[in-house]
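Following: one structure in structure tokens, then a few remarks.
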Amino acid sequence: MSPFSIISLVVAVGFIALTVVPLGTVLLRLFVVDGQITLAPLQETLQQDVLSLVGSTVFVVAGSTVFAVLIGGALAWLNERTDARMGLFSDLLPMVPFLLPPVAGSVGWILLLAPTGGYLNSAWMKMTAFFGVEEPVPLMDIYSWSGLILVFTVYGVAFTYMMIAPALRMLDSSLEEQSRVTGAGAIRTLFKVTLPAVLPAIAAGALLWVWVAFATVDIPSMIGTGADITLLSQQIVNLLVFSYPPKQGVAVGLSLIISVVVLGAWLLQSRILRSNKFATVGGKGSRSTPLRLGKWRPVARGAMIGYVLLTTALPCLALLIVALTGSWRADIDWGSFGFSHFADIFSNSYAMQGLANSFTLGLTAATIVVVVAALVSLYVARSGPVLGRVIDVGIKLPATLGALVIVVGMVLLFTGPPFYLSGTTFLLLLAYCALCLPNASISADAAVAGVGGELTEASRISGAPESKTFMRVILPLMVPALVGAWALVFVRVLSDLTASSLLAGANNPVIGFQMLELSRYGSFTELAVLASILAVVSTITVFAAVWFGRWSSRWTQAPKVSRRRPANLL
């Protein structure tokens, strides 16, 4: 045990305790009522419509995961392995929908696809009526299964893309070239060489979205309620936040069901990582040779631009119209456009304080979580099978029991004696770190799996200690993948509802919960203004993170070979 390993182990154990202890507090309350051991809460859980809740959740999450992997993988392949990319702008294409907070994005899709009054549906019905359709029908009813899966998929693409793109970027193109030289076609090379090499990243992206989707509250609350579709996360929120007194026992019981599903996904992802034989970064640098699409290049670029226009520009435009006009109706009053509603928000000290608090918490939590995830993932990969598995389970498994349950445990544990942290920003920071670390650790696992052992072996042979090897060799190679995790954590914290709904107080407001309150009261104008401001802040921050990830990827590439002729030394 070197000093670096001891520090990594202490950090891992500390963060495990940050989730395990609150969970233990909640579980104790589940089985012990008034000092007596009882199974009444579990019996009450079984009285719920469990099969319907589980079936609805699995259907929506599974459907959105499949579409998110297909779309995210296709966009990543076009941007990283072909000549269709459009510079740094291409890196932002799949991430742009995620820059609009899910609660605001859901409202944007409602404004577009509501069966009556939706801008897109109204335009579609007018167009079909113009062409002679007697009874025009809406293009899509957002309050339906398809509408719910659509919005879930839009946000899931960002998760899968940011896990797959760095792996494709660092993949040695000589492997694909050798496959084509031996006579294999593009399709066979894709399935025999490219996909096996990036399979850990694909599994990491899919699992990451499964975890997030099962715990997502805002999309089911906004769209599922109107569609009369109830998911597990939405039901847990209703039991903990909107029931009096809160039914903690039933909520924990439903969270245990979620944990079983996510545990299976985690075991599958762990097996893929352990069986991975393809290191995307070895001892020699490599340069990616893009595949030339020829006449299909404009088509590929048009498809990427069309994806962004459909998934982001239209919802943002709907929100912007409402923010500038101050009303939502199918016939837009173009003469009422103005910025008076933005001025009202900027003069609202409570809203500005919430935005500043959320931005500061996002920067701090994202940085802490990513560094800790890198340390822990490296320690797990280099430690023995027993201790490594225990640490890995300790980091990931508590989150599968339900993010809301962890937050409730923190309320029970930290708001009373001896901590008295109720309503403090520090407690919110602890909660954000505890909730986001499992997701970031999945990205770190994929990054560690993609780093070959030759470089670290060379560093150790040269006499460098583990800490220097980590800072000078391993971490720079992990940065391209970790930057995506950092951006995800930042945007998630910026618009979080899970922790803020229970931990935010009057003295530390956050913008996410303010937007949820506005949506519940139907204040679409104020919600649209806040969503526009939040989208700008998120875009600037994530744009900078993506640029840094692209700039840092030079560490994984070989330097350009000089074409100058050698000097005549004779």
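Where a number appears in this text, it was derived from the coordinates with a stated rule and is not lab data. Note that the structure is predicted; figures quoted are calculated from it, not measured. Ideal geometry is used to build each Cβ from the backbone, glycine not excepted, and the neighbour counts take in all protein chains shown.
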Query raised in the report: Taking the simple approach of a point 7 Å from Cα along Cα-to-Cβ for both MET86 and PHE131, what is their distance in nm?
Result: 2.7
Report summary line: Non-local residues with an amide H under 5 Å from the amide H of THR82, with H modelled 1.01 Å from N and Pro and chain starts lacking one, are LEU291
**Report entry** Whole-Hz couplings from phi, Karplus 6.51/-1.76/1.60, listed for segment 60-73; x for Gly and Pro
**Finding:** 5, 5, 5, x, 5, 5, 4, 5, 5, 5, 5, 6, x, x
Query raised in the report: So for segment 305-460, what percent of the C-alpha to C-alpha distances run longer than 27 Å?
Result: 53
Report task. Would you kindly state how much longer the chain becomes between THR182 and THR360 on full extension, computed as 0.36 nm times their sequence separation minus their alpha carbon distance, in nm to one decimal? Result -> 58.7 nm
Report summary line: Note, PRO102: beta-carbon cut-off 11 Å, +1 each Lys/Arg, -1 each Asp/Glu, net -1
Report summary line: Footprinting proxy, LEU232, LEU112, LEU139: sorted fewest to most Cβ within 10 Å, the residues are LEU139, LEU112, LEU232
Query raised in the report: Summing +1 for each Lys or Arg and -1 for each Asp or Glu, what net charge is found among the other residues whose Cβ lies under 14 Å from the Cβ of LEU254?
Result: -1
Query raised in the report: Which value in nm describes the separation of the simple spin-label points at LEU268 and LEU195, placed 7 Å from the Cα toward the beta carbon?
Result: 1.5
Query - Gain in span if fully extended, ASP344 to ASN238, counting 0.36 nm per residue against the direct Cα distance - result: 35.0 nm
